[in-house]
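Peer 1: Got a structure for you, questions after.
The values are calculated or read from the model by the stated rules, or taken from the named source; none is laboratory data. Just so you know, these numbers come straight off a predicted model, no measurement behind them. Cβ coordinates were reconstructed from backbone atoms using ideal geometry, including for glycine residues, and neighbour counts include every protein chain displayed. Accessible surface is based on the protein model in full, side chains and every heavy atom, while ligands, DNA and RNA are left aside. Shrake-Rupley method; radii C 1.70, N 1.55, O 1.52, S 1.80 Å.
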Amino acid sequence: MITINEFQEHVQALLDFCQYPAVHYKAKFSLLDIPYDDNRLAELRPEFLKSDIVEELYQTQDENGGWGKLRSRDYSVKAKIPTSGVGIERCLYIGLTIEDRDILFLANEYLQELLLGRGREGVFEKNERANPWQKAIVCNYLEAIAPWNPLCDETYGQWLYIAGRAYEEGEYSYEKDRAAQHEVFLTREDRLVPMQSELLLKRRREISEALEGAMLRHLGRNANKKGYFWEKTPDKLPETFVCRQTRRWFETFNYINQFRGSEIYLGNAVEWLLENAREDGLWDWGPQVKDPWGYFGYFSCNRHYSHNRVVDCTVEVLNFLKKYMENNA
């Protein structure tokens with residue numbers, strides 16, 4: 001288990017290594033929890049909001065408030081921000097709020113129009129699971145931008161009911177999950193919309209510790225055994241941290257780490273990360289295999305610059321460790 005002092009030492013190492021205003025703002029706001037209205041953050045904010053990483057988000061945002069389609073990338077266009085989902089995630093990751101410029105304000109408007117069926121993308125009709133799935137994704141983004149959005153009350157309530165039914169015996173029941181989804185969404189397929197745990201945890205006080213624990217034992221345990229998105233699991237870590245695909249393990253780490261009590265599956269991964277910090281307290285996963293969509297790291301101007309790679313890797317690790325400490329206090 002990492003201590004608060006050890007964590008702060010790693011954050012300070014990042015601040016000493018990189019003078020980029022966006023990195024300093026991210027470290028102090030998101031990692032060290034300096035309040036938004038604190039003078040130390042207020043003094044940094046003008047430089048942060050003028051930084052190239054924020055300006056790029058502003059300049060590439062379209063007139064609808066997004067960055068193209070929500071999830072489906074247009075492969076005819078080479079874009080560092082290939083979808084609206086990636087753009088919104090990047091805004092949130094670097095520390096932008098709805099109060100900063102108008103980037104997330106416009107993104108919030110774009111998402112609300114999409115949820116109400118008035119967005120340019122329209123309603124998904126690929127299969128009967130698509131609409132409730134998209135609504136959950138949109139509400140997850142809306143809740144991340146501005147919590148307790150009343151437009152998400154219905155969707156959140158539906159998933160709270162479904163989760164309550166699926167885990168009512170303390171263990172997951174596919175049959176009860178299916179019955180609840182058929183009842184709520186009027187669907188008939190045996191294939192189900194995946195349990196929307198991330199959305200449910202956005203309003204954590206609405207769910208019981210027992211329900212969260214049941215989701216951890218089901219969803220977390222499955223990710224621990226099979227991986228999440230990539231088949232990379234905490235019990236089969238790379239022999240060395242500097243590995244061609246180290247970054248892919250973080251999909252699984254971060255998915256499990258959303259739950260309180262994640263230590264039961266991630267304890268060894270945390271020890272592995274701490275053991276593989278460089279002498280200067282930073283992390284570098286070395287050159288990585290190009291991701292299938294060609295995504296750049298959120299703080300990178302160019303993926304080939306080793307300096308940016310160290311910053312991206314260190315911030316990724318510290319983000320994970322911060323959440324881990326919060327959920328395993």
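Peer 1: Figure the gain on full extension for Asp62 and Asn39 (residue separation times 0.36 nm, minus the Cα-Cα span) and round it to one decimal in nm. List each step's numbers first, then the result.
Peer 2: On the way: separation 23, 0.36 × 23 = 8.28 nm, distance 3.28 nm.
Length gained, Asp62 through Asn39: 5.0 nm.
Peer 1: Work out, step by step, the length gained on full extension between Lys176 and Asn5: first 0.36 nm times the residue separation, then minus their alpha carbon distance; give nm to one decimal. Mind showing how you got there, number by number?
Peer 2: Numbers: separation 171, 0.36 × 171 = 61.56 nm, distance 4.51 nm.
That works out to 57.1 nm of additional length.
Peer 1: Heads up, I need the accessible area for Cys243: 1.4 angstrom probe, whole protein in place, Å², nearest 10.
Peer 2: That residue has around 40 Å² of solvent-accessible surface.
Peer 1: Roughly how many percent of the accessible protein surface of region 1-70 is carbon and sulfur, given a 1.4 Å probe and a whole-percent answer? Provide the component values of the computation, followed by the final result.
Peer 2: Details: 1780 of 3680 Å².
Carbon-and-sulfur percentage of accessible area, whole number: 48.
Peer 1: Still on this structure, I have one more. Lys69: which lysines have alpha carbons under 19 Å from its alpha carbon, excluding same-chain residues fewer than 8 sequence positions away?
Peer 2: Leaving aside lysines fewer than 8 places away in the same chain, those within reach of Lys69 are Lys78, Lys80, Lys126, Lys135.
Peer 1: Can you spot the lysines whose alpha carbon is less than 16 Å from Lys50's alpha carbon? Ignore those fewer than 8 places along the same chain.
Peer 2: Lys26
Peer 1: Express the relative contact order of the chain as a whole percentage, based on alpha carbon pairs under 8 Å and six or more residues apart in sequence. Walk me through the numbers on the way to the answer.
Peer 2: Values: 385 pairs, mean separation 51.9, N = 329.
This gives 16 percent for the chain.
Peer 1: Per residue, what accessible area does the chain have, given a 1.4 Å probe and all protein chains present, in Å²? Walk me through the intermediate numbers first.
Peer 2: Numbers: 16400 Å² over 329 residues.
Computed with neighbouring chains in place, this is 50 Å² per residue.
Peer 1: Would you compute, from DSSP H runs of 4+ residues alone, the mean residue ellipticity of the chain at 222 nm, taking -39500 (n - 2.57) per run and dividing by the full residue count, rounded to the nearest 500?
Peer 2: -16000 deg cm²/dmol
Peer 1: For region 77-154, run through the chymotrypsin sites (Phe, Trp or Tyr not before Pro) and keep only the ones in DSSP coil with at most 12 other Cβ atoms within 10 Å of their Cβ. Walk me through the numbers before you get to the answer.
Peer 2: Working: sites: Tyr93, Phe105, Tyr110, Phe124, Trp133, Tyr141, Trp148; in loops: Phe124, Trp148.
Hits after loop and neighbour filter: Trp148.
Peer 1: If you don't mind, there's one more thing I want to ask. Based on the Cα gyration tensor of region 1-87, what are the three equivalent ellipsoid semi-axes, each the root of five times an eigenvalue, rounded to whole Å and given largest first?
Peer 2: Working: eigenvalues 191, 53, 28 Å².
Here the semi-axes work out to 31, 16, 12 Å.
Peer 1: Here is a further query. Taking θ as phi - 60°, what are the ³J(HN,Hα) couplings along region 156-167 by the Karplus curve (6.51, -1.76, 1.60), each to the nearest whole Hz, with x for Gly and Pro?
Peer 2: So the J values, rounded to whole Hz, are 4, x, 4, 6, 5, 5, 4, 5, x, 6, 5, 10.
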